[in-house]
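Q: Take a look at the following structure, please.
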Number of protein chains: 4
Amino acid sequence: MDIIPFKEIVDKYKVVFFDAFGVLKNYKGLIPDIEKTFDYLREKNIEFYILTNDASRSPEELAQSYIDKGLDFITAEKIISSGMLAREYLKYKVNHGTVAYLGTEASAHYVETVGLKTISIRDIDLEDENNHLINALVMLDDEGFDWKDDINKAINLLRRFNMPVIVANTDSAYPVSKEEVAIAVGSLADMMEFVVRKTFIRFGKPDAQMFNFAFQHVHKNGSIYDKNEILMVGDSLNTDIIGGNKFGIDTALVLTGNTLPKNALIQIESSGIIPNYMCDSAVV
Amino acid sequence: MDIIPFKEIVDKYKVVFFDAFGVLKNYKGLIPDIEKTFDYLREKNIEFYILTNDASRSPEELAQSYIDKGLDFITAEKIISSGMLAREYLKYKVNHGTVAYLGTEASAHYVETVGLKTISIRDIDLEDENNHLINALVMLDDEGFDWKDDINKAINLLRRFNMPVIVANTDSAYPVSKEEVAIAVGSLADMMEFVVRKTFIRFGKPDAQMFNFAFQHVHKNGSIYDKNEILMVGDSLNTDIIGGNKFGIDTALVLTGNTLPKNALIQIESSGIIPNYMCDSAVV
Amino acid sequence: MDIIPFKEIVDKYKVVFFDAFGVLKNYKGLIPDIEKTFDYLREKNIEFYILTNDASRSPEELAQSYIDKGLDFITAEKIISSGMLAREYLKYKVNHGTVAYLGTEASAHYVETVGLKTISIRDIDLEDENNHLINALVMLDDEGFDWKDDINKAINLLRRFNMPVIVANTDSAYPVSKEEVAIAVGSLADMMEFVVRKTFIRFGKPDAQMFNFAFQHVHKNGSIYDKNEILMVGDSLNTDIIGGNKFGIDTALVLTGNTLPKNALIQIESSGIIPNYMCDSAVV
Amino acid sequence: MDIIPFKEIVDKYKVVFFDAFGVLKNYKGLIPDIEKTFDYLREKNIEFYILTNDASRSPEELAQSYIDKGLDFITAEKIISSGMLAREYLKYKVNHGTVAYLGTEASAHYVETVGLKTISIRDIDLEDENNHLINALVMLDDEGFDWKDDINKAINLLRRFNMPVIVANTDSAYPVSKEEVAIAVGSLADMMEFVVRKTFIRFGKPDAQMFNFAFQHVHKNGSIYDKNEILMVGDSLNTDIIGGNKFGIDTALVLTGNTLPKNALIQIESSGIIPNYMCDSAVV
């Protein structure tokens, strides 16, 4: 599999889905010259969306972080986050009462916008006689709570009351600097699920629901696209590429993030996850 | 959670998704009086679809088995099978060349309808110099091949050539009589995936792509339904109910199949998979 | 399988291995009348040992907790703990330099007795140029550290330096009161292992090494016992009973802990883990 | 980690455990010059044993295959096989009645030597009223039965009757030629265990019981060795090396089998499984 310039492939498509971290930005900020890509997309009239496993903030706040970096055309409606799927779930399947959460207050504010009351696990007293009014537990972020105290409290709440658990970010870890990673809420959820032996509901790439949600967004304004007119661009074989492949759209692996240039071919071979294209970066 | 008559809940919805085995039929044939349900749905103008993890036959052949039993209104367009998703994948992501398969010839004929050539693993010679022309392996059925010879041949093919593997039925086992089960192709795929350490692509409930495919079918004729107007009816918490819940539609557990009446509440409690309703059967 | 009085079975054996929690004691203290069992064992000249998945303290300290409750014949040499196996590993396989740990200082003191220096992950600076002198990471207890800060620091240490990770307690959770459990260090280790994708080394029931270590202790004073002269008594099918069975000794399930009387037969049936005997308790 | 000549390390030890396949022999026959190693061991008075995950034949038959190749000093008492552990289990824990098996007749003959009657799953009729007399199922070999018919029959037997299942070879696959592998009975067992959701008992490296069984054999003739006087020599990090490490003995990785010279350091780094030594081969 050869490395092809991104520019050569992108204009075969009418819509591009970008992963955020490792494709548009990294721990240092924006990928250099990435704004040229968006200039080119507008020039060629190619639509784009950003698909991100993130439930720590609202789409508006996620968009603002791009606007602050000068990409002011990345507005909230360009963002498809796993947090949006969790919010949809709560809207359709919980839709009343109180939802307990693990995460920051900011992450909780966003899910409140469907009209639910939220309560941090931190503020729950296991002996409170109103705990049966809690209709779901949603895991939003690895920050904003004491892991030991609040994870233990959460599993005991789940042992006493049967409720759905929604995991709004499937990632197991995320980079915090060139060399360091941090455990993400997806890993904490895996641990809790194993201990309580219940089935949690997860939202985020590579799950098809994420791609489908994006697919529906693309069609909001009345345009009709076929799957073969859409390209998914990502840096991770096991989320972006396998997810895009399974959904039936074309995929391009870029080497600016998780997949290092020296390992890309080995990883494609050993995983059996084969992108349609491989590019140095998403910069045109 | 109380047991509610199916009739009391079904007319709150405009569309009903039914699981097939354990809901409409079992090893003995149709669930007695199930035809009354479909009479009622037509009377009330409620649409219905059948969602089934089955890639052994085409939708036409699957429909015929209902027609043969007297349910002649169950036509091919009422069927949403995991085999249809596998066929979609091949259409969008493979779309040329030859596809190797494990399954019966009948199962292969159906995926051929996208214009691909198929070859049974049985007929492959590992030393054939044209094997690099095989673009995918698709696992369709647990029948139609010699497990030992052909599974071993398939894993050695995958070790030599990197190609996507599509598993067209996620079930691990299926009932063959009142007391007996048989291992399904999903379990064979799990075993092969572990041995070759590559990532396979699976289609079937509880995966969201199955529900989404059905959701799109419902809208084919131009009607627009909201997710809260759709009910999933199933006998299995860990496929039908969790899948429906995650997709955001309401769910009804019926006790004519996998989930025995005496165990239903215990299983809901221990799994954390909570249907909206529990009914003795899908018979009105 | 009938419930048999413990007295009827125990005197067929020359050695008895007891699990601690759920058999000899529970969250409230000693199981009432359990001292009679030890009186009877001495009367009948039956040897005993206590096998416990615990690395939080030394055998001396573990024994002291029994002595404090009046069982002064439970001395350190009667205790076989998973912490002792971890200490053995460090003695044979690390044997010099510094060992990093997650746990309390008390748990670290015990492993230091093989002549190793220990350092809490809390006190490690990831940028310290002497970190390459750390020869192993040992996970001893779920207490004594900040889960978020120190687990994240530990995984980044493991990403930079290749070293064995020893998990000195395989339990996933432990009871802290009649209704509540807490996540044990075994679950934290599972999460970390998944994130760093390295193979950790685990000590504790049901692993054969625990039973073998006890078997060797029995023979320290020169007596020779056959495996069929030893009985394992435990409250958990998936640690005590499966471990004893696999090691080749007889097993008795008691119903004073993890396995509730109403569920015992169902769990034996559904797990396929079959004890030789089932007793209400280990009290004679 | 440097590559050291095997001769330089082996005479630091009083006992050597060898893996068989990939260390002493491969698909073509004996590793060239391996007989020199055994000459050297005898000259230096170093004891040796062969530890092999194999239950397809008795130790006598396994030894004969070496004798036939000219290594006539490899007698049955030098062989420690996972089949011997399975036989021990049956001796201590089943010890009467009939044992059903999946495997060849030759593999069944060996376990019969503890005085049990055996019956091939092939010859079982699920409706036979004497099936309750079957006291265990033992999985011995991937050959000697029809995978589809007999695996399906076995899982239905396990659903009707609760009995221990013993897996006498934990390997998931084994090499059959330079390029090809075959699925081993360990993988079939994993699949069956997942479908019936019972806990099977597995014997074989890297499990500690295998090393302990060998350790006891070493001491049969009255000699006393410390663990640090024993070296495990193997070609697989995830069986031989991790198993030896955990048992507390020194380990040497050789590059004549599973672990290719070009990948050895990468695999040590990525797995976290660190041998004490790395050698080109076990030839002196």
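Q: Under a GNM of chain A (C-alpha, springs under 10 Å), which listed residue has the highest mean-square fluctuation: A:VAL218, A:VAL165, A:VAL181?
A: Looking only at A:VAL218, A:VAL165, A:VAL181, the largest GNM fluctuation is found for A:VAL181.
Q: Tally the DSSP beta bridges in chain B and give the antiparallel ones as a percent, rounded to 5. Each step should come with its number before you reach the end.
A: Details: 5 of 40 bridges.
Among the beta bridges of chain B, antiparallel pairing accounts for roughly 10 percent.
Q: Further question: Counting each pair of different Cα atoms once, what's the Kirkwood radius of the stretch D:201-241 in Å, rounded to one decimal?
A: On the way: mean 1/r = 0.0881 Å⁻¹.
It is 11.4 Å.
Q: If you don't mind, another one. Which one, D:ILE121, D:GLY97, D:LEU188, is farthest towards the positive end of the dipole of the stretch D:83-202 when Lys and Arg carry +1 and Asp and Glu -1 on their Cβ?
A: Value: D:GLY97.
Q: In addition: Which residue in chain B puts its Cβ closest to the axis that rotates chain B onto chain C, and at what distance in whole Å?
A: Nearest Cβ to that rotation axis, in whole Å: B:ILE266, 5.
Q: OK, next. Between A:THR113 and A:ASN162, how high is the FRET efficiency from 1/(1 + (r/R0)^6) when r is the Cβ-Cβ distance and R₀ = 25 Å? Nearest 0.05.
A: That gives a FRET efficiency of 0.45.
Q: Now for a separate question. For chain A, what relative contact order do you get, as a whole percent, if you take Cα pairs closer than 8 Å and at least 6 residues apart? List each step's numbers first, then the result.
A: Working: 543 pairs, mean separation 66.1, N = 284.
Relative contact order comes out at 23 percent.
Q: Right, here's the next one. Binning at 10 angstrom from zero up to the longest distance, how are the C-alpha pair distances of the stretch A:19-77 distributed in percent?
A: 21, 60, 19, 0
Q: How high is the FRET efficiency between A:GLU61 and A:LYS220 when r is their beta carbon distance and R₀ equals 30 Å, given to the nearest 0.05? Please report the intermediate quantities before stating the final value.
A: Values: r = 21 Å, r/R0 = 0.70.
Efficiency for this residue pair is about 0.90.
Q: While we're on this one: Through the Karplus equation 6.51 cos²θ - 1.76 cosθ + 1.60, θ set to phi - 60°, convert the phi angles of the stretch B:192-208 into ³J(HN,Hα) values in whole Hz; use x for Gly and Pro.
A: 5, 4, 5, 6, 8, 6, 10, 9, 8, 10, 10, 10, x, 3, x, 4, 4
Q: Past 21 Å, Cα to Cα, is the threshold; run C:LYS7/C:LYS44; C:LYS69/C:LYS220; A:LYS198/B:LYS178; D:LYS78/D:LYS117; C:LYS153/D:LYS246; B:LYS91/B:LYS220 against it and keep the listed order. Don't skip to the end; give the middle numbers.
A: Details: C:LYS7/C:LYS44 11 Å; C:LYS69/C:LYS220 27 Å; A:LYS198/B:LYS178 28 Å; D:LYS78/D:LYS117 27 Å; C:LYS153/D:LYS246 25 Å; B:LYS91/B:LYS220 19 Å.
Listed pairs above 21 Å: C:LYS69/C:LYS220; A:LYS198/B:LYS178; D:LYS78/D:LYS117; C:LYS153/D:LYS246.
Q: Where in the stretch A:164-245 are there chymotrypsin sites (Phe, Trp or Tyr not before Pro) that are in a DSSP coil and have at most 16 other Cβ atoms within 10 angstrom of their Cβ?
A: Numbers: sites: A:PHE194, A:PHE200, A:PHE203, A:PHE211, A:PHE213, A:PHE215, A:TYR225; in loops: A:PHE200, A:PHE203, A:TYR225.
Those satisfying the criteria are A:TYR225.
Q: Taking the Cβ of B:GLU60 as the center, what net charge do the other residues with Cβ under 15 Å away carry, scoring Lys and Arg +1 and Asp and Glu -1? Working shown, then result.
A: On the way: positive: B:ARG57, B:LYS78, B:ARG87; negative: B:ASP54, B:GLU61, B:ASP68, B:ASP72, B:GLU77, B:GLU112.
Neighbour charge sum, excluding B:GLU60 itself: -3.
Q: Still on this structure, please answer the following. What is the pair-distance distribution P(r) of chain C, computed from all Cα-Cα distances in 5 Å bins starting at 0, with each bin given as a whole percent?
A: 1, 5, 12, 16, 18, 15, 12, 9, 6, 3, 1, 0, 0
Q: Still on this model: Exactly which trypsin sites (Lys or Arg not before Pro) in the stretch B:142-185 are in a DSSP loop and have at most 14 other Cβ atoms within 10 Å?
A: When the trypsin sites (Lys or Arg not before Pro) of the stretch B:142-185 are filtered for loop state and at most 14 Cβ neighbours within 10 Å, B:LYS178 remain.
Q: Round to the nearest 0.05 the FRET efficiency obtained for C:ASP125 and A:ILE4 when R0 = 45 Å and r is the Cβ-Cβ distance. Display every interim value, and only then the final one.
A: Values: r = 44 Å, r/R0 = 0.97.
The pair C:ASP125/A:ILE4 has a calculated efficiency of 0.55.
Q: Give me the Debye-computed log₁₀ of I(q)/I(0) at q = 0.19, 0.21, 0.23 Å⁻¹ for the stretch A:83-202, equal point scatterers on Cα only, no solvent, two decimals.
A: -0.99, -1.22, -1.47
Q: All other residues with a Cβ under 9 Å from the Cβ of A:ASN156 taken together, and with Lys, Arg as +1 and Asp, Glu as -1, what is their net charge? Numbers along the way, then the final one.
A: Values: positive: A:LYS153, A:ARG159, A:ARG160; negative: C:GLU179, C:GLU180.
Summing Lys and Arg as +1 and Asp and Glu as -1 gives +1.
Q: Taking springs between alpha-carbon atoms closer than 10 angstrom, which of B:ALA108, B:ALA154, B:ALA252 fluctuates most in the Gaussian network model of chain B?
A: B:ALA154
Q: Using a simple charge model, +1 on the beta-carbon of Lys and Arg, -1 on the beta-carbon of Asp and Glu, nothing else, what dipole does the stretch D:1-105 show about its Cα centre, in debye to the nearest 20? Numbers along the way, then the final one.
A: Details: 14 positive and 17 negative charges, 50 e Å.
It works out to roughly 240 debye.
Q: Taking each residue in A:136-143, count the Cβ atoms of any other chain within 10 Å of its Cβ, then average. What number comes out?
A: Taking all residues of A:136-143 together, the mean is 1.
Q: Could you let me know the centre-to-centre spacing of the stretch C:62-131 and the stretch D:67-89, using Cα atoms, in angstrom?
A: 39 Å
Q: At 7 angstrom along the Cα-to-beta-carbon line, where would the label on C:ARG197 sit relative to the other copies? Give the distances in nm, shortest first.
A: 1.0, 3.1, 3.1
Q: Count charges around C:GLY103 for me, please; just the other residues with Cβ under 9 Å from its Cβ, Lys/Arg as +1, Asp/Glu as -1. Spell out each step's value before the answer.
A: On the way: positive: none; negative: C:GLU105, C:ASP141, C:ASP142, C:GLU143.
After counting each charged neighbour, the total is -4.
Q: Let me ask something additional. Can you list the copy-to-copy distances for B:ASN162, using a point 7 angstrom from Cα toward Cβ, in nanometres, shortest first?
A: 2.3, 4.6, 4.9
Q: What value, in deg cm²/dmol to 500, does the helix sum -39500 (n - 2.57) over DSSP H runs of n ≥ 4 give at 222 nm once divided by the residues of chain A?
A: Numbers: 10 runs with 91 residues, N = 284.
Dividing the helical sum by the residues of chain A leaves -9000 deg cm²/dmol.
Q: When the dipole is taken about the Cα centre of the stretch B:71-167, and only Lys, Arg (+1) and Asp, Glu (-1) are charged at their Cβ, what size is it in debye, to the nearest 20? Please report the intermediate quantities before stating the final value.
A: Working: 10 positive and 16 negative charges, 96 e Å.
Using only the charged Cβ atoms, the result is roughly 460 debye.
Q: By DSSP, what percent of the beta bridges with both residues in the stretch D:83-202 are antiparallel, rounded to the nearest 5?
A: On the way: 3 of 17 bridges.
Around 20 percent antiparallel, to the nearest 5.
Q: Taking θ = phi - 60°, what integer Hz values does the Karplus form 6.51 cos²θ - 1.76 cosθ + 1.60 yield along the stretch A:43-48, in sequence order, with x for Gly and Pro?
A: 4, 8, 6, 9, 6, 9
Q: Another question, if that's okay. Average partner chain C-beta neighbours within 10 Å, per residue of A:196-202?
A: Values: counts 4, 4, 5, 11, 2, 6, 1.
If you average over the peptide's residues, the count of other-chain Cβ atoms is 5.
Q: Here is a further query. Report, for C:GLY70, each distance to the same residue's label point in the other copies, shortest first and in nm; define the point 7 Å along Cα→Cβ.
A: For C:GLY70, the other copies' label points sit at 7.3, 7.4, 7.8 nm, shortest first.
Q: Sequence-distant or interchain residues sharing an amide H contact under 5 Å with A:ILE119, placed H: which?
A: Under 5 Å from the amide H of A:ILE119: A:VAL99, A:ALA100, A:TYR101.
Q: Separate question: Can you order the peptides C:253-260, D:29-36 by their average number of other Cβ atoms within 10 Å per residue, highest first? Don't jump to the answer; show the numbers that get you there.
A: Working: C:253-260: 22.2, D:29-36: 14.1.
Peptide ranking by packing, descending: C:253-260, D:29-36.
Q: Just to check I understand the Karplus step: with θ = phi - 60° and J = 6.51 cos²θ - 1.76 cosθ + 1.60, what whole-Hz values come out for the stretch D:3-12, glycine and proline as x?
A: With coefficients 6.51, -1.76 and 1.60, one gets 8, 10, x, 4, 4, 5, 9, 5, 7, 7 Hz.
Q: Let me ask something else about it. So who's got an amide H within less than 5 Å of the one on D:ILE273, skipping anything under 5 residues away but keeping other chains? H placed 1.01 Å off N, in plane.
A: C:THR199
Q: Here's another thing I want to ask about it. Hey, got the dipole for the protein assembly as shown? About the Cα centre, +1 on K and R Cβ, -1 on D and E Cβ, debye to the nearest 20? Could the numbers behind the result be given before it?
A: Details: 116 positive and 168 negative charges, 0 e Å.
Dipole of the protein assembly as shown, to the nearest 20 debye: 0 debye.
Q: Can you divide the C-alpha Rg of the protein assembly as shown by 2.2 N^0.38 Å and report the result to two decimal places? Write down the numbers at each step before the final one.
A: Working: Rg = 30.3 Å, N = 1136, 2.2 N^0.38 = 31.9 Å.
The reported ratio for this selection is 0.95.
We did not get these values from a lab; they are worked out from the coordinates using the rules stated. What you see is a predicted model, and the numbers here were worked out from it, not measured in a lab. Note that each Cβ is placed from the backbone with ideal geometry, even for glycine, and that neighbours are counted across all protein chains shown.
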